[in-house]
Amino acid sequence: MRIGVDLGGTKTEAIVLSESGEELLRKRVPTPRGSYQPIVDNILALIKDIEDEIGETGTVGIGIPGAVSLKTGFIKNANTTELIGQPLQEDLAAALGRSVRLANDANCFALSEATDGAGKGASVVFGVILGTGVGGGIVVNGEVLEGGNSICGEWGHTPLPWPNNNERPGLDCYCGKQGCNETFLSGSGLSRAHDPISASGPKAEEIVKSAEHGDAAAQRTLTTYERRLAKALTVVINILDPDVIVIGGGLSNISRLYVNVPPLLQEYAFSDGLTTRMVKAKHGDSSGVRGAAWLWPQSS
């Protein structure tokens, strides 16, 4: 059996998949914050509880909000800052007495959808997370691409392409740059596009609901968002040329994106025709934890 763990800032979720991908068990516990060791102990306790309940051990994959540095073996770029600079993979493996595989949570999302989700059967899958942040993962022939610096797929921290004058230089991003895709395409980016003055504008679902009820301002906001999303995705298409783009995260629930964005892709793509599909994730919020389990392929 495969055990997948999705380590989030507020909750840690674990799932057990059978060899065929059937969900056998799922557990969720709060993520302790403040220091590193309680997070490790929490993951270990969760795995122990699952294995005690199932009655056997399994392979373990962990999805984290960051990446393992290929230079040091320690965690980097983690939103859960207690992990930064820590040998999480080594500590978990030592405590469990077996190998553990770690991957960025966006990579886990992409792997889940490529394995048995909306991207199943596609050779090249680009998995997109549109939510509090903007992330991405790339899967080619069933394998996650991490890259030489463990940043493959980080399209959220590239600049918005073909910007209008009012989009230059763009807002400050937490990464230290300005005008990153994340500042435009995250949930807060959508809110700011609708109400740039308010520190906490309307939520995405409120904007969508207003647009559905005929509010012209909300409709303009979503139209602007769709064009920005199309521009950002087209750069990925021009470089990677994926068979399918799978959208996840909270903003993936905006149904009009799947109607309005694909025609805009054609306007910017360096091609006389596009076959790239843009689809909503099949497994939704479960894709991250399922992808962590699939870090161990069926041949393992």
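The values are calculated or read from the model by the stated rules, or taken from the named source; none is laboratory data. On a predicted model such as this, the values are computed, not experimentally measured, just so you know. Please note: Cβ atoms are built from the backbone with ideal geometry, for glycine as well, and neighbour counts cover all protein chains shown.
Among the residues of region 41-67, those identified as in a helix (DSSP H, G or I) and either crowded, with 20+ Cβ neighbours inside 10 Å or of a type in the set (S, T, Y) (or both) are I43, I47, I50. Of all residues in region 139-150, those satisfying the criterion of being part of a strand (DSSP E or B) and farther than 15 Å from G117 by Cβ are V140, E143, L145. When the criteria are applied in full, A230 fails the requirement of being crowded, with 20+ Cβ neighbours inside 10 Å, within 30 Å of L46 (Cβ to Cβ) and either among the charged types (D, E, K, R) or at pLDDT 95 or above (or both).
Restricting attention to region 190-214, the residues being part of a loop (DSSP other than H, G, I, E, B) and exposed (fewer than 14 other Cβ atoms within 10 Å of the Cβ) number 7.
G179 passes every criterion in (1) touching a helix residue (DSSP H, G or I) at 6+ places or on another chain (Cβ under 6 Å); (2) at pLDDT 95 or above; (3) over 24 Å from K120 (Cα atoms) apart from (1).
When P242, P263, P196 are checked against the criterion of being closer than 27 Å to P65 by Cα and not hydrophobic (A, V, I, L, M, F, W, C), P242 stands alone in meeting it. If the condition is being buried (at least 21 other Cβ atoms within 10 Å of the Cβ) and either closer than 15 Å to G131 by Cα or at pLDDT below 95 (or both), then region 233-253 contributes V246, I247, G248, G249, L251.
Counting only residues that are assigned to a strand (DSSP E or B) and touching a residue at least 12 places away in the same chain (Cβ under 8 Å), region 151-177 holds 1 of them. One residue alone among G187, G156, G148 is loosely packed, with under 13 Cβ neighbours inside 10 Å and either in the same structural domain as V235 (by TED's automatic domain parsing) or in contact with a Leu (Cβ under 6 Å, 6 or more places away or on another chain) (or both), and that residue is G148.
I129 meets each of the listed conditions (1) crowded, with 23+ Cβ neighbours inside 10 Å; (2) in contact (Cβ under 8 Å) with a residue 24 or more places away in the chain; (3) touching a Cys at 6+ places or on another chain (Cβ under 8 Å) apart from (3). Residues considered: A94, A106, A78. Of these, the only one that is modelled with pLDDT under 95 and assigned to a helix (DSSP H, G or I) is A106.
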